[in-house]
1. Which residues in segment 82-120 have a backbone N closer than 13 Å to a point placed 7 Å from the Cα of R23 along the Cα-to-Cβ line?
2. List every residue whose amide H lies under 5 Å from the amide H of K82, counting only residues 5 or more places away in sequence or on a different chain, with H placed 1.01 Å from N in the peptide plane.
3. Quick one: in segment 12-138, what % of C-alpha pairs are over 24 Å apart?
Amino acid sequence: MNPVKGAPGYSLGDARELYFNERIGAGDDPRRQEARKRLAKVFVRAAAAGLPASTLLVNLTRQHARAVRDHILTYDKAGGGKIGPDSVKRDLAMMKALIGHALREFDLKKTAHNPFEGLEIGAASGRENEIAACDKREGVVV
């Protein structure tokens with residue numbers, strides 16, 4: 001990991017690399033393979049939403065998190081329709097986890113925050129009933 005210039009200069013890409021190495025890892029385990037695919041997909045979607053991997057962790061804002069959430073909510077499923085709230089929550093949970101892990105490991109807790117903490121998808125999606133049913137069923141909170 002080579003931090004981007006700046007103090008402290010760790011980027012979202014550095015956070016991704018750290019999370020991959022320490023939490024997901026290599027191997028042929030199907031769960032690890034699925035996690036690697038999801039991590040790659042989340043970063044493609046985040047970049048498409050205007051949050052490139054070069055963004056410094058100390059510069060992350062709630063606006064970035066909302067933009068990523070809103071962009072993910074627009075994705076279509078392969079079979080038609082929009083991706084479900086469970087998928088959106090999993091993607092956001094992965095972003096929250098990898099940023100949180102990086103903030104701890106890079107000792108940035110005092111200089112940066114995790115804008116994905118407590119981010120809700122409810123009203124932003126226009127699919128409140130579908131999301132409420134999902135929440136009742138699983139009790140998932142991002």
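1. 90-106, 114-117
2. K77
3. 29
Read the figures in this text as sums done on the coordinates, not as results from a lab. The structure displayed is predicted, hence computed values, not measured ones. Methodologically, a virtual Cβ is constructed for each residue, glycine included, from the backbone with ideal geometry; neighbour enumeration extends over all protein chains shown.
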